[in-house]
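Here's the structure we're looking at; comments come further down.
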Amino acid sequence: MDCSHLAECIQSIESTQDRYVECQMPQCLKSCDTRRIIAVEENKKRYTLQNSGDVIAVYRVDGQMIASADRVKCDNMIVDVTSLLAVLVELKGTNLRHALSQIENTYNNVSLMLKRYRLYGRIVTSARTNVPNLKTDPQYMRIQKAFMKHGGNLRTRTNGISECVDELNG
């Protein structure tokens, strides 16, 4: 992973519950605050998380946290340091197989640093995506099982996903 300061950054936010953290790699940290609506968007695909006052950090993964062009990675990571949950988000066009690889590789890069967190994977695809029967797809099942070990899950939807922190909390 290119950003070697992620664990320190998250630990700093956790310990202070401060939304004005000075990260060693500030280009990774897109925002950190208690805003009510957290949204990441790309090419008309959108993931929205409704917040009830938790301190939430949004990280740019692709091109910042993991800058290496030869490694696949998801677009964003949303970390709720209050509720101890993290959401890996991939906003994808039509290549669902590639999106699964991006989520899986990012999960493999951050899961040890976030071992106390419930981890979720979210893939938003375009309406044109030919979605296979994921329940029988070995790659999907392997990734889903990994997220479930961390108390979360993997979901895919077309065009957008909107959910609440409270829903993810159980």
*Counted residues, region 59-103 - those being among the aromatic types (Phe, Trp, Tyr) and without any contact (Cβ under 8 Å) to a residue 12 or more places away in the chain*: 0
*Spans of strands (runs of 3 or more DSSP E) in region 48-92 with at least 3 residues within 12 Å of Thr106 (Cα to Cα)*: 85-91
_Residue list for region 131-148, restricted to those being modelled with pLDDT under 95 and in contact with a strand residue (DSSP E or B) (Cβ under 9 Å, 6 or more places away or on another chain)_ = Val131, Leu134, Tyr140
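Can you pull out the residues in region 74-86 that are of a type in the set (Val, Ile, Thr) and either out of contact with any Asp or Glu (no Cβ under 8 Å at 6 or more places or on another chain) or surrounded by fewer than 24 Cβ atoms within 10 Å (Cβ to Cβ) (or both)? Full working, then the answer.
Taking region 74-86 first, the residues of a type in the set (Val, Ile, Thr) are 78-79, 81-82.
Those that are of a type in the set (Val, Ile, Thr) and either out of contact with any Asp or Glu (no Cβ under 8 Å at 6 or more places or on another chain) or surrounded by fewer than 24 Cβ atoms within 10 Å (Cβ to Cβ) (or both): Ile78, Val79, Thr82.
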*Can you work out which of the residues in region 80-92 that are over 8 Å from the mean Cα position of the chain (by Cα) and of a type in the set (D, E, K, R) is nearest to Thr34 (Cα to Cα)?*
Asp80
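Tell me, which residue of region 104-131 that is in a helix (DSSP H, G or I) and in contact (Cβ under 8 Å) with a residue 60 or more places away in the chain is least open to solvent (accessible area, probe 1.4 Å)?
It comes out as Val110.
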*Out of (1) within 29 Å of Thr34 (Cα to Cα); (2) at pLDDT below 95, what's the single condition that is false for Asn95?*
(1)
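The values are calculated or read from the model by the stated rules, or taken from the named source; none is laboratory data. Fair warning: this is a prediction, and the values are worked out from it, not measured in the lab. In this analysis, Cβ positions are derived from the backbone assuming ideal geometry, glycine residues included, and neighbour counts consider all displayed protein chains. The protein model used for the area step is the full one, side chains on, heavy atoms only, and it has no ligands, DNA or RNA in it. Shrake-Rupley method; radii C 1.70, N 1.55, O 1.52, S 1.80 Å.
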